[in-house]
Amino acid sequence: MSLLAKHASRSYSVWGSRTVKTSAPFKKGLSVRFASWFVAWVVFLARVAAADGPGIEGKWKTSLGLVTISKEGDQYTAKFADARIPTVKGTLKDKVASLKSEDGKPKGEASVTLGGTGLSFTGSFRFPNGFQRVWQGFRPDPEAARGKTGEFAGPWLTNLGLMELEQDGETVKGRYALRGGSTLDGQVKGRHLDLHYQWFRDGSGWFDLANDGKTFEGAALGDGSSEWYGWKGRRAPEYVRHAPPRAGTIVDGSTRNLLTYSLRAPEGYKPGDPGKWPTIVILHGSNMNARAYVSTIAAAWPEIARNHLILGINGEMPSSTSETPQFNYTYVDFVGKSTYQGFPGTDRESPALVSEALAELKGVYPMGRLFVGGHSQGGWLTYSLLMNYPEMFAGAFPVSCGLLTQCEPSVFADPALREAQRRVPLAIVHASNDPIQGFGLSEAAARAFEDESWPAARLFTDDKSGHMFARLPVDRAIAWLAAMAADDPEVVIALAEREAEGGRFREAIAALNRARGMTVEARLGERVDRLGTMLDARARPGAAEYLPRIKADADGSWVDGFLAYRHDFEFAPSAREVMDVYAALRGKQEPEARRLMGEARSAFQNGKQDEGYRIYQQIVDKYHASSVYRDVRARLKSRP
C-alpha cells in the first residue's frame, strides 16, 4: 500500500505515466474473510539478505500490525498482535525461512527481504484468491538513543517529500511537503527522534539518524490505524529556498510550500536586469525529475533556451530520494473549480501546490508570461492547471497524455472562469504511434475542447516519436503558442495568415480575432480586413448548405459534414446563425442522450456488451446533435 494510503486510507499506483486509482483493500483491523484465510495455515518465505545488523528475530512494527519473531533452536516463531492471524513456525535454511501454522493446510505465502541494517524488511503477501499486497516491517535502532544528541536541523528529501526541520536542544519541529506543508514535532534522545505529525490524519513515529548524520530511517503510524509505513530520507542542501538564477546554468531550489524545482536562465540573463523573460513551465513524467526535462529542452531546442526561462517543478511525492531523485505528482482526485465534489484533503494535491509555487516564484524571478506544459503524467497535470487557474497562463501544451473527467471543459459552470479558460491557446502534442499513452487520448481531448467552443486548440503530432519527449514537436507547439499570445500585432496577424494558407481556418480565425482586439496601424488593419473578408467568404457556402438541413433534421446525414465545417468556421461571422440553430438542437437532444449514456455505461459495467453497443447506436441515430455523439460514434467504429 502506498505511503499516502497510510495517511488517508486511500491508495494510488502509478504505472509508467498513467496514474490509476485503486481501492485500499485493508482498512483499520482485518476483515473476517481475511482472518479466515489464516485460521488454518499461513506459509511465508523470508529471503534474508546478508546483513551486518541484527537477524530477523525480534519485535516488528509492520504494515500488517505488530509482529514478534522469536527463535528457539532452529525453529522460528512469528506471532501477530492481532489474534485473528495465527502463530506460525518453521525453520531457516540457506537464508530462506519457511514458516507455517500448525494444522498443515496452506492458505497463502509471502516473501520478505531483510534490510542491510537489520532494522527493516520488505516483501509481499499473496493470499489464496491471488491478491497480493506489499508487506513491510520496521523497528527502531536500539543503539540510536545512546550517545550525544543528534543534529536533525536542515532540509531533507524524504519519501513524503521535502522536509525542513528546526532544532532547539532536544526539541525538533518542522514541515514536510505532503499536501503542501504537513507539520511535525518531537523530542530527540541521542540519534533517535520520537515524533508526532499533523496532517489530514495525525499520527506518530520515529526517525533514527545514521552515524554520519546524512540519512535517517524510521516509520510512522496514523492515529487509529494498525498499519505502519516507512519514512526515510537524506540531507538535501541543494534545495535551498529561491536559489539565485545563473545564466545558462540549471539551479535547484524550493518554495515555501516545499515543492522543489529546477530553473535555467537564458545565456542573456543578467542579475538585476529589470526585464522579464517569457517562461516555459515544464512538468515531468512519472518517476522522473524536473532537472532532466529542463536539461532536455535546452539541449534539444536551443532556440527556446535562448529566449525563455525554463522552470521545471517536481511533484511533491518522491519515488526515489537518491542523488538523482525521482518524483510523482498527485492530481487524480483534484476536482478544483469543476462541478464535481471532491474528497476531503484532495484540494491540496499537485494542481493547487504548483499554482501556489508559480505565484510565489513570479515574485522572485524575472518571469514574464507563462507557457505551461508537461509530458505524460505532467501532461495530465497541465490540463488541470489550465482549467482551474487559466488566468496564470498565456498558453498550455500537454504532451503524450489524456484529459481527466474533472478537467473536461463541459464540467465548469462559472461564466467568468469559462471565459478565462477560452482565452488560453492550447497546443496538444502526441505521437500517433505512442505505445505508452495511446494517441486516442489526445484525439478525445481535442474533440472535447472543440465541442465546448475552444477558439484556439491545435493538435501537433507525428508518426515516429512514440513516447519520447525530445523527439516530439514540442518546439513547434511552443512557437505556435508564443505567436498566438504575442503582444506585437504584426506577429499575430502573420500567424493568422500562415494558418489560413495552411488550411487551418479555425486557428486563423482565432489569431485574427485576437489581432482585432489590439491597436494596429493602418497597414496592418488592411491586412486584418482582407484576411477576414476571405475567411468569411470561405465560410458562407457551408452556412447556406447546413442551415436548412439542421432546421429540418430529417435524418442525421448532415452531421459529419457539419462537424467538419464547424471545426473550421465555428467563429466566422457568416456562420453565426447556423451555429445558433445547431446549439438549439443540441439543447433539445442533450438530456436524453446523457440518460442513454448512463444506461450504456451500466450495461458495459455489468458485462452486457451487446446491450451497451445497442444503446450507443440509438444515440448515433436519434441524438446526433448531442455532445456525446462523436465519442459514441468513435467507440462503435472501434468495436471489437
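The values are calculated or read from the model by the stated rules, or taken from the named source; none is laboratory data. Source: prediction; values computed, not measured. So basically every Cβ, Gly included, is an ideal-geometry build from the backbone, and we count neighbours across all protein chains shown. To get the accessible areas, we keep the full protein, side chains included, count just its heavy atoms, and leave off ligands, DNA and RNA. Shrake-Rupley method; radii C 1.70, N 1.55, O 1.52, S 1.80 Å.
Could you list all residues from the range 72-85 that are surrounded by fewer than 20 Cβ atoms within 10 Å (Cβ to Cβ), farther than 17 Å from Val112 by Cα and of a type outside the set (Asp, Glu)?
Gly73, Gln75, Ala81, Ala83, Arg84
Name every residue in the range 137-178 that is among the aliphatic types (A, V, I, L, M) and under 34 Å from the mean Cα position of the chain (by Cα), in order of residue number. Give the derivation first.
So the first thing to find is which residues in the range 137-178 are among the aliphatic types (A, V, I, L, M), and the list is 144-145, 153, 157, 160, 162-163, 165, 172, 177-178.
Once the filter is applied, which keeps residues that are among the aliphatic types (A, V, I, L, M) and under 34 Å from the mean Cα position of the chain (by Cα), the range 137-178 yields Ala153, Leu157, Leu160, Leu162, Met163, Leu165, Val172, Ala177, Leu178.
Collect the residues in the range 492-520 that are part of a helix (DSSP H, G or I) and either free of Cβ contacts under 8 Å to residues at least 24 places away in the same chain or on the phi > 0 side of the Ramachandran plot (or both), keeping them in residue-number order. Even if it seems obvious, please write down each step before you answer.
Let us first name the residues in the range 492-520 that are part of a helix (DSSP H, G or I), namely 492-501, 505-516.
Ala494, Leu495, Arg498, Glu499, Glu501, Leu512, Arg516 - these are the residues of the range 492-520 that are part of a helix (DSSP H, G or I) and either free of Cβ contacts under 8 Å to residues at least 24 places away in the same chain or on the phi > 0 side of the Ramachandran plot (or both).
Restricting the range 297-332 to residues that are assigned to a loop (DSSP other than H, G, I, E, B) and not hydroxyl-bearing (Ser, Thr, Tyr), which is most open to solvent (accessible area, probe 1.4 Å)? Don't jump to the end; show me each part of the working.
Step one: of the range 297-332, the residues assigned to a loop (DSSP other than H, G, I, E, B) are 301, 308, 314-316, 321-325, 329-332.
Pick out the ones that are also not hydroxyl-bearing (Ser, Thr, Tyr) and you get 301, 308, 314-316, 323, 325, 332.
Values: Trp301: 24, His308: 22, Asn314: 4, Gly315: 3, Glu316: 5, Glu323: 144, Pro325: 10, Val332: 26 Å².
So the residue we want is Glu323.
Looking at the range 368-411 only, could you name the residues that are part of a helix (DSSP H, G or I) and open to solvent by 10 Å² or more (accessible area, probe 1.4 Å)? Spell out the reasoning first.
In the first step, residues of the range 368-411 are kept if they are part of a helix (DSSP H, G or I); the result is 377-388, 390-392, 405-407, 409-411.
Correct list: Trp380, Glu391, Met392, Thr405, Gln406, Ser410, Val411.
If Tyr340 passes every condition in (1) open to solvent by 10 Å² or more (accessible area, probe 1.4 Å); (2) in contact with a strand residue (DSSP E or B) (Cβ under 6 Å, 6 or more places away or on another chain) but one, which one does it miss?
Tyr340 satisfies all of (1) open to solvent by 10 Å² or more (accessible area, probe 1.4 Å); (2) in contact with a strand residue (DSSP E or B) (Cβ under 6 Å, 6 or more places away or on another chain) except (2).
Go through the range 610-632 and give me each residue that's surrounded by 17 or more Cβ atoms within 10 Å (Cβ to Cβ) and of a type in the set (Lys, Arg).
Arg630 - this is the single residue of the range 610-632 that is surrounded by 17 or more Cβ atoms within 10 Å (Cβ to Cβ) and of a type in the set (Lys, Arg).
Residues to consider are Phe121, Phe131, Phe125; find the one that is open to solvent by 20 Å² or more (accessible area, probe 1.4 Å), modelled with pLDDT under 95 and among the aromatic types (Phe, Trp, Tyr). Give the derivation first.
On the way: Phe121 fails: open to solvent by 20 Å² or more (accessible area, probe 1.4 Å); Phe125 fails: open to solvent by 20 Å² or more (accessible area, probe 1.4 Å).
The conditions single out Phe131.
Working only within the range 451-469, note down all residues that are part of a helix (DSSP H, G or I) and over 18 Å from Thr382 (Cα atoms). Working first, answer last.
Keep residues of the range 451-469 that are part of a helix (DSSP H, G or I), which gives 451, 469.
Passing the criteria: only Asp451.
Considering only the range 467-491, how many residues are open to solvent by less than 70 Å² (accessible area, probe 1.4 Å) and either within 31 Å of the chain's Cα centre (by Cα) or touching a residue at least 40 places away in the same chain (Cβ under 8 Å) (or both)?
Of the residues in the range 467-491, 17 are open to solvent by less than 70 Å² (accessible area, probe 1.4 Å) and either within 31 Å of the chain's Cα centre (by Cα) or touching a residue at least 40 places away in the same chain (Cβ under 8 Å) (or both).
Hey, can you tell me all the residues within the range 213-248 that are among the β-branched types (Val, Ile, Thr), in a strand (DSSP E or B) and under 21 Å from Leu358 (Cβ atoms)? Working first, answer last.
Quick first cut of the range 213-248, residues among the β-branched types (Val, Ile, Thr) only: 215, 240.
Checking which are in a strand (DSSP E or B) leaves us with 215.
If the condition is that a residue be among the β-branched types (Val, Ile, Thr), in a strand (DSSP E or B) and under 21 Å from Leu358 (Cβ atoms), then no residue fits.
Looking at (1) open to solvent by less than 50 Å² (accessible area, probe 1.4 Å); (2) closer than 21 Å to Gly203 by Cβ, can you tell me which one Gly154 breaks?
Unmet for Gly154, out of (1) open to solvent by less than 50 Å² (accessible area, probe 1.4 Å); (2) closer than 21 Å to Gly203 by Cβ: (2).
Do we find that Arg235 is under 24 Å from Ser320 (Cβ atoms), free of Cβ contacts under 8 Å to residues at least 24 places away in the same chain and under 29 Å from the mean Cα position of the chain (by Cα) in this structure?
no
Taking the range 343-367, which residues are part of a loop (DSSP other than H, G, I, E, B) and either buried (at least 18 other Cβ atoms within 10 Å of the Cβ) or without any contact (Cβ under 8 Å) to a residue 40 or more places away in the chain (or both)?
Result: Glu349, Gly363, Tyr365, Pro366.
Contact list please: Cβ distance under 8 Å, first residue in the range 127-156 and within 22 Å of Leu66 (Cβ to Cβ) and among the charged types (D, E, K, R), second residue open to solvent by 20 Å² or more (accessible area, probe 1.4 Å) and part of a strand (DSSP E or B), pairs at least six apart or on different chains.
Arg133/Ser124; Arg139/Gly58; Arg139/Lys59; Arg139/Lys61; Arg139/Ser120; Asp141/His192; Asp141/Glu217
Suppose we filter the range 412-429 for residues that are over 22 Å from Leu512 (Cβ atoms), open to solvent by less than 10 Å² (accessible area, probe 1.4 Å) and without any contact (Cβ under 8 Å) to a residue 40 or more places away in the chain; how many remain?
Of the residues in the range 412-429, 0 are over 22 Å from Leu512 (Cβ atoms), open to solvent by less than 10 Å² (accessible area, probe 1.4 Å) and without any contact (Cβ under 8 Å) to a residue 40 or more places away in the chain.
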